[in-house]
Amino acid sequence: MIVQESFLKKIKDFGLNSYEAKIWTALLSRGVSTAGELSDIAGVPRSRSYDILESLEKKGFIVMKIGKPIKYMAIPPEEVVDRVKKKVLIQAEEQNKMLEQLKGSEVLTELNLLHTQGVDMVNPAELTAVIKGRNQIYNHLSSMIKGAKKSVVLVTTEDGLISKHKHFGSVFKKMSDKGVKIRIMAPLTGKSKDVVGELKKHADISNIKSLGARFCIVDDKELAFMLMDDSKVHPTYDSAVWVNTPVFAETLSKAIHKAEL
């Protein structure tokens, strides 16, 4: 049985490796079969077939029939989806509980201490980083904003404003409640009217049409600026530079404030 690679790649979304996907699809096509038959159909080495079938059984994709020779029977795909979904939810819940337990634990306290001591030993000029991919950029911006003590200045595009409301809306509220002053600047049209209305509850919003840059300044110390035009680059290829530069960050913040006036 020849199965297209593109189809096998989709099956890997079930959490299977290449050999498991081949054996499972082979068994689905036969209903019931032996390890040897499946190995021949799927083009998988016989020396690996029993291990793969055992793995599929543990994952709930197949069952082993009683008798000789040993045969295997496939579980209906819809049932497999339900099983995989249930397993993913259980694992996610367990990981979430574990992470919640880490909050306030001695382990996290010691890790934070190590990080603080490590940063204190680093020359400020060396505190720079290149961040690739919009998801990673947003993760870094979120960390920056959550660490703010006094202020956050965010300059973005209108599409960026809409996207950042989706990703940081709750973060803005949390930091605003803590007394952090949040200023957001972007070119505004009716397209972002609803978003602006929501953001105004927690931030000062300004309409700036002459600035096409995207950057974030936190506490006039940290600066992250995006290098690409977000309307012309795929999110995967978006990139940013983060620097700890109080002199430049404060100067840029003052320049933005004067431009507003």
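The numbers here are math on the coordinates, done by the rules we state, and not lab data. Model, not experiment: these values are computed from the prediction. Methodologically, a virtual Cβ is constructed for each residue, glycine included, from the backbone with ideal geometry; neighbour enumeration extends over all protein chains shown.
Spin-label model, VAL243/SER47: points 7 Å from Cα along the beta carbon direction are separated by 5.6 nm. When the Cα atoms of the stretch 181-261 are aligned to their principal axes, the ranges along those axes come out at 36, 32, 22 Å in descending order.
Alpha-carbon geometry of the stretch 67-208: the Rg and the Dmax are 22.6, 77 Å, given in that order. Diagonalising the gyration tensor over the Cα atoms of the stretch 5-76 and scaling each eigenvalue by 5 before taking the square root yields semi-axes of 18, 13, 11 Å, largest first.
Each residue of the stretch 145-154 was assigned a 3J(HN,Hα) from its phi angle through the Karplus curve 6.51 cos²θ - 1.76 cosθ + 1.60 (θ = phi - 60°); the sequence is 5, 5, x, 5, 10, 10, 8, 9, 10, 10 Hz, with glycine and proline shown as x. Full extension of the segment from LYS166 to ASP229, taken as 0.36 nm per residue of separation minus the current Cα-Cα distance, would add 20.7 nm. The string of couplings for the stretch 17-33 from the Karplus curve (6.51, -1.76, 1.60, θ = phi - 60°) is 7, 4, 5, 4, 5, 5, 5, 5, 5, 5, 5, 4, 6, 9, x, 9, 6 Hz, one whole number per residue in order, with x for Gly and Pro.
Net length available on complete extension from LEU111 to HIS257 is 48.8 nm, with 0.36 nm assigned per residue and the Cα-Cα distance removed. The charge dipole of the chain, taken about its Cα centre with unit charges on the Cβ of Lys, Arg, Asp and Glu (plus for the first two, minus for the last two), comes to roughly 540 debye. With the simple model of a label 7 Å out from the Cα in the direction of the Cβ, PHE14 to LYS68 spans 3.1 nm.
From the square roots a ≥ b ≥ c of the eigenvalues of the alpha-carbon gyration tensor of the stretch 124-260, which class results: rounded (a/c under 1.5), prolate (a/b over b/c), or oblate? Mind dumping the intermediate values first?
Details: a/c = 1.35, a/b = 1.12, b/c = 1.21.
Rounded, since a/c falls under 1.5.
Only one of (1) 21.8; (2) 22.9; (3) 18.0 was calculated from the structure for Kirkwood radius over Cα pairs in Å, and its label is (2). The modelled label-to-label distance for the pair LYS174/LYS200, using points 7 Å beyond Cα in the direction of Cβ, is 2.6 nm.
Arranged by the count of other C-beta atoms within 10 angstrom, fewest first, what order do LEU27, LEU113, LEU227, LEU188 take?
Values: LEU27 24, LEU113 10, LEU227 13, LEU188 17.
Ascending number of Cβ neighbours within 10 Å: LEU113, LEU227, LEU188, LEU27.
Which of the trypsin sites (Lys or Arg not before Pro) across the stretch 176-236 are loop residues per DSSP, with 12 or fewer other Cβ within 10 Å?
Values: sites: LYS178, LYS181, ARG183, LYS191, LYS193, LYS200, LYS201, LYS209, ARG214, LYS221, LYS232; in loops: LYS178, LYS200, LYS201, LYS209, ARG214, LYS221, LYS232.
Passing sites in the stretch 176-236 are LYS178, LYS200, LYS201, LYS209, LYS232.
Gyration tensor analysis over the Cα atoms of the stretch 12-54 returns equivalent ellipsoid semi-axes of 15, 12, 8 Å (largest first, whole Å). Structure note, pairs LYS164/LYS254; LYS22/LYS71; LYS146/LYS181; LYS146/LYS173; LYS146/LYS232: Cα-Cα distances above 19 angstrom occur for LYS164/LYS254; LYS146/LYS232. Among the aspartates and glutamates, select those whose C-alpha is under 13 Å from the C-alpha of LYS191, and discard any that sit fewer than 8 residues away in the same chain. Straight-line reach from LYS191, under 13 Å: GLU158, ASP159. Measuring between alpha carbons in the structure, the pairs from LYS103/LYS132; LYS85/LYS200; LYS86/LYS201; LYS59/LYS174 lying more than 32 angstrom apart are LYS85/LYS200; LYS86/LYS201; LYS59/LYS174.
Karplus-based coupling profile of the stretch 214-221, in residue order and whole Hz: 9, 7, 9, 10, 10, 6, 6, 10, with θ = phi - 60° in 6.51 cos²θ - 1.76 cosθ + 1.60 and x standing for Gly or Pro.
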